[in-house]
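First comes the structure, then the notes that go with it.
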Amino acid sequence: EVQLQAYGGGLVQAGGYLRLSCVASGFTFGNYAIGWFRQVPGKEREGVSCRSRSGTYYAESVKGRFTISSDNAKNTVYLQMNSLKPEDTAVYYCAATTNEVGVGCYVWYNYWGQGTLVTVSS
């Protein structure tokens, strides 16, 4: 089965940290560009970070606080989130695409994970 599974969300106080993981099954992450997105009720889905063969990109709201990384041997992509703020509260999704990505990360993605909830308390 081809799928992505995101996990690692939870409740954390402002200023704290979490690391989200996204594990691919049925395909190899190394052949794709990867994106992390987040969404809250009533708001548009936001591209948080993405990585392509040509570069790595972050939303201005998370730049300097979040880091995307990967472990190809584990077929896993991570999003390290530090200095969390209440406005980071959202459901976070990982996605994989055969397309190139750039600023904003908004391209067509082949696969999407189910999302994991991050709640940051003030």
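The values are calculated or read from the model by the stated rules, or taken from the named source; none is laboratory data. Note that the coordinates shown come from a computational prediction; the quantities given were computed from them, not determined experimentally. Cβ: placed from backbone, ideal geometry, glycine included. Neighbour counts: every protein chain shown. Note: areas computed on protein heavy atoms with side chains; ligands, DNA, RNA excluded. Shrake-Rupley method; radii C 1.70, N 1.55, O 1.52, S 1.80 Å.
I'm trying to understand the selection: among the residues of segment 90-99, which are more than 22 Å from Pro41 (Cα to Cα) and either in contact with a Gly (Cβ under 9 Å, 6 or more places away or on another chain) or part of a strand (DSSP E or B) (or both)?
Ala96, Thr97
Hey, can you tell me all the residues within segment 62-78 that are over 14 Å from the mean Cα position of the chain (by Cα) and in a loop (DSSP other than H, G, I, E, B)?
Gly64, Asn75
From Glu44, Glu87, which residue is among the acidic types (Asp, Glu), open to solvent by 20 Å² or more (accessible area, probe 1.4 Å) and either part of a loop (DSSP other than H, G, I, E, B) or within 24 Å of Gln3 (Cα to Cα) (or both)? Can you show your working first?
Numbers: Glu87 fails: either part of a loop (DSSP other than H, G, I, E, B) or within 24 Å of Gln3 (Cα to Cα) (or both).
From the options Glu44, Glu87, the qualifying one is Glu44.
Going by the conditions given, is Val118 of a type in the set (A, V, I, L, M), open to solvent by less than 20 Å² (accessible area, probe 1.4 Å) and at pLDDT below 95? So that I can check it myself, show each step before the final result.
Working: of a type in the set (A, V, I, L, M): yes; open to solvent by less than 20 Å² (accessible area, probe 1.4 Å): yes; at pLDDT below 95: no.
Answer is no for this residue.
Pairs needed: first member in segment 15-43, closer than 19 Å to Thr89 by Cβ and touching a residue at least 24 places away in the same chain (Cβ under 8 Å); second member anywhere, in a strand (DSSP E or B) and acidic (Asp, Glu); C-beta distance under 6 Å; at least 6 residues apart or different chains.
The qualifying pairs are Arg38/Glu46.
Taking segment 90-107 only, how many residues are at pLDDT 95 or above and open to solvent by 50 Å² or more (accessible area, probe 1.4 Å)?
0
Taking into account only those residues within segment 70-84 that are in contact with a helix residue (DSSP H, G or I) (Cβ under 8 Å, 6 or more places away or on another chain) and either basic (Lys, Arg) or surrounded by 22 or more Cβ atoms within 10 Å (Cβ to Cβ) (or both), which is farthest from Ala24 (Cα to Cα)?
Within segment 70-84, the match that is farthest from Ala24 (Cα to Cα) is Met81.
Are any residues in segment 95-120 among the small types (Gly, Ala, Ser) and under 12 Å from the mean Cα position of the chain (by Cα), and if so, which ones?
Result: Ala95, Ala96, Gly113, Gly115.
Quick grid of which residues meet (1) more than 13 Å from the chain's Cα centre (by Cα); (2) without any contact (Cβ under 8 Å) to a residue 60 or more places away in the chain; (3) more than 14 Å from Gly16 (Cα to Cα):
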position	(1), (2), (3)
Glu60	yes, yes, yes
Glu87	yes, yes, no
Tyr93	no, no, yes
Ser122	yes, no, no
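Restricting attention to segment 1-32, report how many residues are of a type in the set (Gly, Ala, Ser), closer than 15 Å to Asn110 by Cβ and either part of a loop (DSSP other than H, G, I, E, B) or in contact with a Phe, Trp or Tyr (Cβ under 9 Å, 6 or more places away or on another chain) (or both).
2
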